[in-house]
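The values are calculated or read from the model by the stated rules, or taken from the named source; none is laboratory data. All values derive from a computational prediction rather than experimental measurement. Backbone-built Cβ (ideal geometry, glycine too); neighbour counts: all protein chains shown. Remember, those area values only see protein heavy atoms, side chains included, never the ligands or the DNA or RNA. Shrake-Rupley method; radii C 1.70, N 1.55, O 1.52, S 1.80 Å.
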Amino acid sequence: MITSAPIIETERLTLRGHRMEDFAPYAAVMASDRARYMGGPLDQQRAWAGFCRDVAQWALLGHGAWAVTDRENGLFLGQIGINRHPYFPETELGWLVTASAEGKGIAGEAATAVRDWAWRVLGLATLVSYIHRENAASVALAERLGAARDDQAPACPYADHVVYRHPAPEAA
């Protein structure tokens with residue numbers, strides 16, 4: 001079983017395991033309106049709980065979250081993750097980016113790299129993304145990645161979220 005986040009590099013990004021110094025920018029995103037579709041804004045205590053959960057998944061489940069960083073300067077740009085919490089009916093591909101990273105293709109680049117890693121390394125045949133029905137930016141990204149709304153999927157554990165199913169590896 002994989003017990004820590006492997007490093008994945010893309011053209012512009014380095015995806016790596018979280019470090020303590022990632023918590024401050026992560027907490028800032030979670031305290032902002034950007035977290036409104038993820039149960040936020042969150043105070044520092046709740047942000048810490050989420051941060052720790054995402055890091056701990058590696059040791060407990062063999063997958064989890066990566067810090068998304070700028071390959072040139074190491075700047076924290078967000079988080080990308082493979083999530084299968086005990087209360088999730090399916091394995092999810094989830095993302096968040098800082099305000100400075102939005103609209104630059106950062107989330108899409110990171111999501112493509114992690115989706116492909118999940119297929120290749122974890123052997124997953126499908127992934128879902130749980131997206132708040134009002135989160136137009138995440139819906140648009142899921143659709144750019146080839147995902148389609150799946151109203152027949154097991155219900156998302158979060159209120160007001162819908163399920164977007166990513167295509168099987170051979171279809172992507």
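Looking at segment 44-96, what % of the alpha carbon pairs are farther apart than 12 Å? Of the Cα pairs, 67 percent sit more than 12 Å apart.
For W48, neighbours were defined as the other residues whose beta-carbon sits under 13 Å from its Cβ, and their charges (Lys and Arg +1, Asp and Glu -1) total -1. In the chain, taking the dipole from charged Cβ atoms about the Cα centre, the farthest positive-side position among V29, I7, Q152 is held by I7. The residues R144, R53, sorted by heavy-atom accessible surface at 1.4 Å with ligands and nucleic acids left out, run R144, R53 from largest to smallest.
If I build a Gaussian network model for the chain, linking alpha-carbon pairs within less than 10 angstrom, which residue out of Y130, Y26, Y87 has the largest mean-square fluctuation? Most flexible of the set in this elastic network: Y87. Take M38: with every protein chain present and a 1.4 Å probe, its accessible area is about 90 Å². Its Cα centre serving as origin, the chain has a Cβ charge dipole (Lys and Arg +1, Asp and Glu -1) of approximately 160 debye. When the P(r) of the chain is calculated, the portion above 28 Å amounts to 14% of the C-alpha pairs. Solvent exposure of the chain, expressed per residue, is 49 Å² of accessible area, with all protein chains present and a 1.4 angstrom probe.
Calculate, for R71 and A31, the FRET efficiency according to 1/(1 + (r/R0)^6) with r their C-beta to C-beta distance and R0 25 Å; round to the nearest 0.05. Result of the calculation: an efficiency of 0.40. Counted by Cβ distance under 11 Å from E134, the other residues give a net charge of +1, where Lys and Arg count +1 and Asp and Glu count -1.
Summing +1 for each Lys or Arg and -1 for each Asp or Glu among the other residues whose beta-carbon sits under 12 angstrom from that of R12 gives -3. Heavy-atom surface analysis with a 1.4 Å probe gives segment 1-119 a carbon and sulfur content of 54 percent of its accessible area.
Largest mean-square fluctuation among P25, P154, P86, in a Gaussian network model of the chain whose springs join Cα atoms under 10 Å apart, belongs to P86.
A Förster radius of 30 Å, combined with the Cβ-Cβ distance separating E134 from E21, puts the computed FRET efficiency at roughly 0.40. Annotation for segment 1-56 versus segment 69-126: alpha-carbon center distance of 11 Å. Note on A148 and A125: their simple-model spin labels are 1.7 nm apart, each label 7 Å out from Cα toward Cβ.
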